[in-house]
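Colleague: Structure below; questions to follow.
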Amino acid sequence: MLEADHRAEEGRVRKVHFDGTHRVRRPEETWAVIDGRRSAFGVTRVADVTGLDRLGVPVVMAVRPAAKTLTVSQGKGTSLLLARISAVMESVELWHAEYACPAAEVTRVPARELELPYDVTDLQQHHGSLLGEHTPLDWLTGKNAVTGARTFVPRSYVAMDYQVSDAWEPPLLHGSTNGLAGGNSYDEAVTHALYEVVERDCTAAIGSVPVTERRHVDPASVDDPMCAGVLERMADAGAWVEIVDVPNRWGLPCFVTYVWSEDFPALAVGSGVHSSAAVALSRAVTESAQSRLTAIAGSRDDLADALFPHEPTVPGEPPVTAGEVVPWKDVSAAGPDFAEDTEETRWLAERVLEVTGRPPVVVDLSTEEDFSVVKVVAAGLEFDGRHEITRPLSAPAPLLKEAS
């Protein structure tokens with residue numbers, strides 16, 4: 001359980017770690033909790049693969065041979081410990097979607113017969129989907145993240161299973177890891193999941209935004225110590241970094257980073273959203289490094305052949321240095337400051353309701369008392385299942401961005 005001095009009134013938990021990420025446990029405490037339970041979730045190996053690249057940004061992989069989806073999960077961070085935690089939690093989150101998704105509580109019932117606070121057809125669907133309000137579905141109980149009221153979520157939108165089956169099913173909902181997240185507390189997990197679905201909404205259409213309308217940030221002007229250290233490390237390794245400030249309907253700091261170097265000439269992409277601009281940028285730039293190392297290590301199950309061309313790729317277009325290139329201070333204004341996890345969860349959930357007109361719904365998949373895993377379902381948000389964040393220049397091929 002969380003230490004007593006971390007707790008606040010009314011079940012809220014105070015944040016105690018703010019370097020590169022916001023958490024209610026210090027990284028050493030989180031690692032002590034999950035490291036001793038890795039075997040319970042089938043994680044057989046945790047490997048530091050940072051040294052396979054020259055960037056020096058910590059990246060770790062966690063291996064789970066009995067997975068129903070991906071056997072290898074990646075994690076990144078501004079420190080090796082944070083990267084370890086990230087990798088193992090990524091794997092543990094998937095385990096919960098594969099093995100801990102509850103049985104349906106309501107079966108073969110169409111959405112029109114349930115009083116849902118959202119339209120089921122607004123959820124992500126497969127291409128050619130036949131889903132409608134009369135389609136019989138199986139349902140799990142979820143919780144309205146704004147009111148706390150009980151409601152329902154399609155089970156097929158939560159459970160994850162990539163195993164081959166002889167059974168035929170019509171194309172309906174497209175389940176994914178979008179909105180699947182873990183945390184030291186329930187609210188921390190929900191907050192992480194909400195930021196993720198918002199991030200995917202922000203970046204879904206970035207490829208259609210002309211480069212002349214994008215606002216780029218000068219990497220040399222970034223003065224946040226954590227982010228500046230990572231950017232300096234990349235520059236010293238001979239890589240260039242382009243930072244794009246992404247305009248969005250949420251009014252939240254959102255950044256996409258593109259990283260390229262001659263020694264591994266593929267464009268690596270990362271993105272991040274957070275109320276703290278420094279955390280958003282940290283997530284984006286470390287994710288770029290993770291994308292590169294995922295391809296370099298070659299161990300993820302779903303890597304595309306395009307990542308390993310037989311012919312040399314063309315030189316990368318250099319980062320944007322002309323036009324609207326702004327200093328970090330212009331995009332790093334202080335946002336809402338949350339000392340407790342519950343405050344941030346409530347604020348984000350209400351923001352989703354305000355923007356989309358639909359409340360996010362939380363399905364609690366947790367199996368442990370010491371940490372939580374949830375799936376957040378947010379109707380009305382955009383999501384590109386390929387998670388491609390294109391750069392509308394003569395960019396080098398291929399583009400490295402992990403799918404969801």
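The values are calculated or read from the model by the stated rules, or taken from the named source; none is laboratory data. The structure presented is a predicted model; accordingly, all values stated were derived computationally and were not measured. Backbone-built Cβ (ideal geometry, glycine too); neighbour counts: all protein chains shown. Side chains are part of the model used for accessible areas, which takes the heavy atoms of the whole protein and leaves out ligands, DNA and RNA. Shrake-Rupley method; radii C 1.70, N 1.55, O 1.52, S 1.80 Å.
Colleague: Under 37 °C and 0.692 mPa s, how fast does the chain diffuse according to Stokes-Einstein, given a Kirkwood radius computed over C-alpha pairs? Answer in µm²/s, whole number. Working shown, then result.
Modeller: Working: Rh = 21.7 Å.
My calculation gives 151 µm²/s for D.
Colleague: Over all alpha-carbon pairs in the range 184-232, figure out the percentage whose distance exceeds 13 Å. Before the final figure, lay out the partial values.
Modeller: Numbers: 843 of 1176 pairs.
In whole percent, the share of Cα-Cα pairs in the range 184-232 beyond 13 Å is 72.
Colleague: What value in Å³ per residue do you get for the convex hull of the alpha-carbon atoms in the range 136-193? The partial results should precede the final answer.
Modeller: Values: hull volume 6.1 nm³, N = 58.
Residue-normalised Cα hull volume stands at 105 Å³.
Colleague: Now a separate question. Which one, Glu242, Glu199, Glu105, has the greatest fluctuation when you compute a Gaussian network model over the chain with C-alpha springs under 10 angstrom?
Modeller: Fluctuation is largest for Glu105.
Colleague: Also: Based on the inverse mean of 1/r over its pairs of different Cα atoms, what is the Kirkwood hydrodynamic radius of the range 30-177, in Å? Each step should come with its number before you reach the end.
Modeller: Values: mean 1/r = 0.0569 Å⁻¹.
Evaluated over the range 30-177, this radius sits at 17.6 Å.
Colleague: Where the Cα atoms of the range 16-101 are projected onto their three principal axes, how long is each span, largest first, in whole Å?
Modeller: Principal axes ranked by extent give 33, 32, 19 Å for the Cα atoms.
Colleague: Looking at the chain, identify the longest residue range that excludes and avoids all trypsin sites (Lys or Arg not before Pro) in DSSP loops having at most 13 other Cβ atoms within 10 Å. Walk me through the numbers on the way to the answer.
Modeller: On the way: sites that count: Arg249, Arg386.
Here the longest run is 1-248.
Colleague: A further question on this structure: What FRET efficiency, computed as 1/(1 + (r/R0)^6) with R0 = 45 Å and r the Cβ-Cβ distance, is obtained for Asp301 and Ala220, rounded to the nearest 0.05?
Modeller: On the way: r = 38 Å, r/R0 = 0.84.
The calculated FRET efficiency here is 0.75.
Colleague: A follow-up question, please. Can you report the principal axis dimensions of the range 107-236 using only the alpha carbons, biggest first, rounded to whole angstrom?
Modeller: Principal extents (largest minus smallest coordinate, Cα): 57, 35, 32 Å.
Colleague: Treating only the Cβ of Lys, Arg, Asp and Glu as charged (+1, +1, -1, -1), what charge dipole size does the chain show about its Cα centre? Round to the nearest 20 debye. Walk me through the intermediate numbers first.
Modeller: On the way: 36 positive and 61 negative charges, 68 e Å.
Once rounded to the nearest 20, the dipole reads 320 debye.
Colleague: Quick one: pull the percent of accessible area on the range 16-101 belonging to carbon and sulfur, 1.4 Å probe, ligands and nucleic acids left out. Walk me through the numbers before you get to the answer.
Modeller: Details: 1580 of 3210 Å².
Here it works out to 49 percent.
Colleague: Per residue, how large is the accessible surface of the chain? Use a 1.4 angstrom probe and give square angstrom. Let's see the in-between values first.
Modeller: On the way: 17440 Å² over 404 residues.
That works out to 43 Å² for each residue.
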